[in-house]
Amino acid sequence: MPYLLQSVILFAAGLTAGVINSVAGGGTLISFPALMLTGVPAVVANATNTVALLPGIASSLVAYRKELAAQRAWAWRFAPISLVGGLIGGILLIQTGEAQFRSIVPYLILFATLLFTFQGRVSRWLEIEAHTIEQSRHGLAAAILFQFCVAVYGGYFGAGIGILMLAALGILGQTRIHEMNSLKVLLALLINAAAAVYFIWSGAVLWSSVVILGIGSLAGGYAGPRLARKMGEKPVRIFVCIVGFAIGIYFLWERG
């Protein structure tokens, strides 16, 4: 594929992912397959995508800095386990190998898309579970263990971790969505940063693609809120669901 066409595809994917992440989450379902479409191997594509989207996550954290102040105590509790889990997930990805990872890519994409599609129902179900756990003295331990599992998954693939992290906070009985989102963004940044450091150290990152995706992601993250005010969240969510299922089914069909 010509370099110019690759660049256009990656910039468009980064731009779209940035918009989607700023409005509803799920941008990885666009940017990761775009990297594979341009011929990047699956493991390298996943590692590159993780590094490329970090600036967009960081910019979201800046926007949430006021709300995050109220979550400082919880941030200190969840930060270490998020870093460790993200690093373990990153190591597991590199150790999986190209052929094995490529074989499970369709299932990872479909799992993340299902989480995204049925986010409301999943959240309601988890709220019921959270209410039960919250009443026990083991609530904090359960939430930390759950967050560790989310962090490992996040370091390994990443799509859908926002939904899962909100569930972990729900276990603790938190209800203020903006404050929960601020902590979610911080933890997502730590998870992805820990994995990204290992990806960079292992040489699994394609830097030319990182730059193009990163620029697109930053532009999309800036434009996303304005677009959301005009369109609303629903059309974006529908678009992500359709694309996610289509890509997952395509990779499943291609696999065999």
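The values are calculated or read from the model by the stated rules, or taken from the named source; none is laboratory data. Keep in mind the model is a prediction, meaning the values are calculated, not measured. Positions of Cβ are generated from backbone atoms using ideal geometry, with glycine treated the same way; all protein chains shown enter the neighbour counts.
Testing Thr48 on (1) over 14 Å from the mean Cα position of the chain (by Cα); (2) of a type in the set (Ser, Thr, Tyr); (3) farther than 22 Å from Cys149 by Cβ, one condition comes back false. Which one is that?
Result: Thr48 passes all but (1).
Output yes when any residue across segment 239-256 is modelled with pLDDT under 90, outside any helix (DSSP H, G or I) and within 20 Å of Val105 (Cα to Cα), and no when none is.
yes
Return yes or no: is Thr16 within 16 Å of Ile109 (Cβ to Cβ), touching a residue at least 12 places away in the same chain (Cβ under 8 Å) and polar (S, T, N, Q)?
Yes: the conditions hold for Thr16.
Using beta carbons and a limit of 6 Å, which pairs, at least six apart or on different chains, have the first residue in segment 229-243 and charged (D, E, K, R) and the second one at pLDDT below 70 and crowded, with 17+ Cβ neighbours inside 10 Å?
Going by the 6 Å Cβ cut-off, the qualifying pairs are Glu233/Val23; Glu233/Ala24; Arg237/Ala24.
I'd like to check something: does segment 154-162 contain any residue that is modelled with pLDDT under 85, part of a helix (DSSP H, G or I) and touching a Lys or Arg at 6+ places or on another chain (Cβ under 6 Å)?
There is at least one residue in segment 154-162 that is modelled with pLDDT under 85, part of a helix (DSSP H, G or I) and touching a Lys or Arg at 6+ places or on another chain (Cβ under 6 Å).
Being closer than 17 Å to Ile109 by Cβ and at pLDDT 80 or above is the requirement here; does Phe11 meet it? Let's see the steps before the verdict.
Details: closer than 17 Å to Ile109 by Cβ: no; at pLDDT 80 or above: yes.
Here the answer is no, as Phe11 does not meet what is asked.
What residue, among those in segment 59-76 that are under 29 Å from Ser202 (Cα atoms) and not hydrophobic (A, V, I, L, M, F, W, C), is modelled with the highest pLDDT?
Within segment 59-76, the match that is modelled with the highest pLDDT is Ser59.
Given the structure, is Gly26 buried (at least 17 other Cβ atoms within 10 Å of the Cβ), touching a Cys at 6+ places or on another chain (Cβ under 9 Å) and within 15 Å of Ile161 (Cα to Cα)?
When the stated conditions are applied, Gly26 passes them.
Any chance segment 79-95 includes a residue that's free of Cβ contacts under 8 Å to residues at least 60 places away in the same chain and over 18 Å from the mean Cα position of the chain (by Cα)?
Checked against the condition, which is being free of Cβ contacts under 8 Å to residues at least 60 places away in the same chain and over 18 Å from the mean Cα position of the chain (by Cα), segment 79-95 yields at least one hit.
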